[in-house]
Amino acid sequence: MRYADAPEAHVECRVQASPSRVWSLVSDIELPVRFSPELQRVEWTGDATGPALGATFIGHNRNQILGEWRTLSRVVELVPERVFAWAVFDADGVFGGSAAKPDAPAATWRFELAPDGDGDATLLRQSARLGPGPSGLTLAIDRAPDREEAIVAYRVDDLHNGMRTTLDGIKALAEA
């Protein structure tokens with residue numbers, strides 16, 4: 001598994017709640033802060049007050065290995081009660097990336113919802129695709145290029161575990 005291959009992580013679960021209930025949770029950009037070991041705080045930028053195609057938000061992150069950094073995310077797909085996706089860019093140029101290059105995000109995140117059963121349940125999926133733009137992961141790879149596959153595999157596993165925690169939290173809130 002190499003960074004240039006745009007590795008992905010996916011997690012899904014069945015939530016015993018309607019898509020509209022689940023949507024209200026996944027489209028709240030502040031919700032993942034409650035469950036993420038890395039995302040510390042988020043806020044909409046400019047005139048944005050909620051999800052809209054093209055809207056942007058800043059994420060404040062912390063990681064034991066990488067320290068603290070900010071990201072700028074842009075909503076790239078929005079279909080109410082179906083899809084909420086955003087591309088993530090290096091907000092401060094710390095990793096050599098730029099939000100001015102919309103075709104080169106550091107990662108792209110996505111929630112997908114599908115009705116399950118008679119509308120009383122939702123199949124919820126979260127995914128993340130790494131690259132192609134620079135990120136903290138590319139810095140780690142640059143420092144130890146001979147360990148790229150292990151570094152990428154570790155990060156994908158880390159993302160998978162974080163997404164599992166997030167979906168478990170969303171499920172618990174939606175079903176409460």
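Read-outs throughout are calculated quantities, based only on the coordinates presented, and are distinct from any laboratory measurement. Owing to the predicted nature of the structure, the values given are computational and were not obtained by experimental measurement. FYI the Cβ positions are ideal-geometry reconstructions off the backbone, even for glycines, and counts take in every protein chain you see.
Here is how the numbers come out for the structure above:
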{"quantity": "MRE, 222 nm, helices only [DSSP H, n ≥ 4, -39500 (n - 2.57), over the chain, to nearest 500]", "calculated": "-8000 deg cm²/dmol"}
{"quantity": "Distant-in-sequence amide H partners of Ala106 (H built 1.01 Å from N, under 5 Å)", "calculated": "Val88, Phe89, Asp90, Gly133"}
{"quantity": "Using distinct alpha-carbon pairs, which all enter the 1/r mean, Kirkwood radius of the chain in Å", "calculated": "16.6 Å"}
{"quantity": "Average Cα contact separation per residue, the chain, under 8 Å, 6 or more apart, as relative contact order %", "calculated": "30 percent"}
{"quantity": "Within the stretch 1-30, trypsin sites (Lys or Arg not before Pro) in DSSP loop having at most 12 other beta-carbon neighbours inside 10 Å", "calculated": "Arg2"}
{"quantity": "Projected label distance in nm at Ala6 and Gln64, using a 7 Å step from Cα toward the beta-carbon", "calculated": "3.2 nm"}
{"quantity": "Dipole-positive endmost among Ile65, Val26, Thr108 within the chain (Cβ charges, Cα centre)", "calculated": "Ile65"}
{"quantity": "Within the stretch 3-175: Cβ-based charge dipole about Cα centre, in debye rounded to nearest 20 (Lys, Arg +1; Asp, Glu -1)", "calculated": "200 debye"}
{"quantity": "Among Val152, Val76, Ala128 the positive-end extreme of the charge dipole of the chain (Cβ point charges)", "calculated": "Val152"}
